[in-house]
1. Here is the link list: Lys5/Lys49; Lys5/Lys85; Lys5/Lys64; Lys57/Lys88; Lys64/Lys88. Which ones come out longer than 23 Å on Cα distance?
2. Is the C-alpha gyration tensor of the range 1-44 telling us rounded, prolate or oblate? Criteria: a/c under 1.5 is rounded; beyond that, a/b larger than b/c is prolate, otherwise oblate.
3. Sum -39500 (n - 2.57) across every DSSP H segment of at least 4 residues in the chain, then divide by the residue count to get the 222 nm mean residue ellipticity, nearest 500.
4. Explain nothing, just compute: Karplus ³J(HN,Hα) = 6.51 cos²θ - 1.76 cosθ + 1.60, θ = phi - 60°, for every residue of the range 39-44 in order, whole Hz, x for Gly and Pro.
5. Apply the Karplus parameterisation 6.51 cos²θ - 1.76 cosθ + 1.60, with θ equal to phi minus 60°, to every residue of the range 72-80 and state each ³J(HN,Hα) to the nearest whole Hz, in sequence, with x for glycine and proline.
6. Considering only the other residues whose Cβ falls under 12 Å of the Cβ of His106, what net charge follows from Lys and Arg at +1 and Asp and Glu at -1?
7. Using a 7 Å offset from the Cα along the Cα-to-Cβ direction at both Asp36 and Lys64, what is the distance between the two label points in nm, to one decimal?
8. When the Karplus curve 6.51 cos²θ - 1.76 cosθ + 1.60 is applied with θ = phi - 60°, which whole-Hz ³J(HN,Hα) does each residue of the range 102-109 get, with x for Gly and Pro?
Amino acid sequence: MKALKRIVMRKVGVMFPNPALRTRIEKELQRYGDDDEPQVERVRLAILKLCAGDPDKINIAGAKEDPQAIIEGAEHPERMDAAIKNRKLRPEEEEMIEARDWEQYHEWLSEGLK
């Protein structure tokens, strides 16, 4: 889990290079992670991805309410969009969407971390 925490902190630094803002974001992310809240670092990464660099879009309340939805929105946006629109997908479409979703997530995850 320490590796994932390091990734979260590095993403914060990449997304928010201003030291004062970075500190603010780090403190804000600490609001998610009480004892009973699941997958803390994974949810924090999802929060970062979904805010798209806009500190005003950090959604801790949404993460506390439904952490799985936050994860799905970040890691599987195309699949989630299809589900919201009630699209019936053929198995091969599901596979293609899954591949694109993982590709975009891993691309985002590695941005600035090399």
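1. Listed pairs above 23 Å: Lys5/Lys85; Lys57/Lys88; Lys64/Lys88.
2. It comes out oblate by the Cα gyration axes.
3. Per the formula, -21500 deg cm²/dmol.
4. 6, 3, 5, 5, 5, 4
5. 4, x, 7, 8, 9, x, 5, 5, 5
6. That works out to -3.
7. 1.2
8. Here the 3J(HN,Hα) series is 5, 4, 5, 5, 5, 5, 4, 4 Hz.
Any read-out appearing in this document is the output of simple, stated calculations on the displayed coordinates, not a laboratory observation. Only a predicted model underlies this, so the values are computations on that prediction, with no experimental measurement involved. Please note: Cβ atoms are built from the backbone with ideal geometry, for glycine as well, and neighbour counts cover all protein chains shown.
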